[in-house]
């Protein structure tokens with residue numbers, strides 16, 4: 001059953017150096033507060049997993065948290081490149097980083113396989129790309145029934161999966177709505193699952209298209225109001241589009257990035 005605890009305690013207890021960590025959320029409900037707490041606690045040599053690395057992973061890579069990145073797209077949405085990510089790849093600053101690239105469909109199927117307790121998923125994809133030759137986690141497979149050549153992708157089972165949601169009740173059942181992405185599958189696929197939420201409520205109210213993740217598949221729930229900013233939390237606050245634009249200039253130079261991290265991460269009280 002999920003234990004409700006402060007975010008710093010959840011990160012200290014469940015996230016260790018060299019862990020594989022997936023912080024997921026698509027467009028909204030991106031778990032920035034949790035990622036910042038990982039940075040604040042100085043975690044190192046992490047294998048960071050995320051379908052769409054954007055500003056959060058740019059910050060974590062620039063802060064030296066990452067050894068490896070498993071992903072399907074990387075960029076500052078609507079703006080351009082991730083400069084700290086590029087600096088790590090092109091100039092090994094603050095140190096070099098390994099890359100494992102997939103398609104969106106490949107990553108989603110890998111999470112589904114992990115959530116299903118299967119060793120791999122089968123899909124149509126990757127045909128005609130060079131990705132098959134650059135990762136051991138993708139392989140051609142022949143259907144035993146039709147003889148068709150398909151693609152197998154190995155299951156993703158992160159050491160720690162972290163997502164953000166709108167609310168949880170006092171027993172740790174979590175509710176999220178809006179664009180739900182792959183969050184449910186990440187929680188089910190991960191050995192340990194941490195969920196940050198905007199608020200703890202007395203009871204969850206029925207909502208159209210909402211997903212409820214039960215307490216018994218979650219390790220820790222941490223209340224973190226504003227925990228998805230500068231992304232948005234549907235029904236709570238809007239996306240800070242100006243910050244996404246500002247990040248391009250903040251992250252472009254190492255000294256300005258370092259100053260921003262010192263002022264906004266290490267000298268800031270943690271959320272929750």
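Couple of notes before you dig in:
- Only DSSP H runs of four or more residues enter the estimate; each adds -39500 (n - 2.57), and after division by the residues of the chain the mean residue ellipticity at 222 nm equals -8000 deg cm²/dmol.
- Among 1, 60, a tally of other beta-carbon atoms within 10 Å of each Cβ gives an order, fewest to most, of 1, 60.
- The translational diffusion coefficient of segment 172-215, from Stokes-Einstein at 4 °C and 1.567 mPa s with a Kirkwood hydrodynamic radius over alpha carbon pairs, comes to 114 µm²/s.
- Ranking of 129, 196 by count of other Cβ atoms within 10 Å, fewest first: 129, 196
- Gain in span if fully extended, residue 258 to residue 130, counting 0.36 nm per residue against the direct Cα distance: 42.5 nm
- Burial order of peptide ranges 206-212, 217-223, 240-246 (average beta-carbon count within 10 Å, highest first): 217-223, 240-246, 206-212
- Full extension of the chain between residue 149 and residue 9 gives 45.6 nm of extra length, using 0.36 nm per residue less the Cα-Cα distance.
- Rg and Dmax of segment 114-262, based on Cα coordinates, read 19.8, 59 Å.
- Listed residues 141, 61, 30, most fluctuating in the chain (Gaussian network, C-alpha, under 10 Å): 141
- The chain shape via C-alpha gyration tensor axes, a/c threshold 1.5: oblate
- Global form of segment 104-154, assessed from the alpha-carbon gyration tensor, a/c cut-off 1.5: oblate
- Order of 134, 32 - criterion: other Cβ atoms within 10 Å of each residue's Cβ, fewest first: 134, 32
- Distance (nanometres) between label positions extended 7 Å along Cα→Cβ at residue 243 and residue 41: 2.1 nm
- Placing pseudo-labels 7 Å out from each Cα toward the beta carbon at residue 118 and residue 99 gives an inter-label distance of 3.0 nm.
- When both bridge partners sit in the chain, DSSP labels roughly 35% of those beta bridges antiparallel.
- Volume of the convex hull of segment 26-167 (Cα atoms only), normalised per residue: 136 Å³.
- Each principal axis of segment 134-188 carries a Cα extent, and these read 51, 24, 20 Å when sorted largest first.
Only the coordinates and a few stated rules stand behind these numbers; no lab work does. For clarity, every value in this text was computed on a predicted model and none was experimentally measured. Note: ideal-geometry Cβ built from the backbone for every residue, glycine included; neighbour counts use all protein chains shown.
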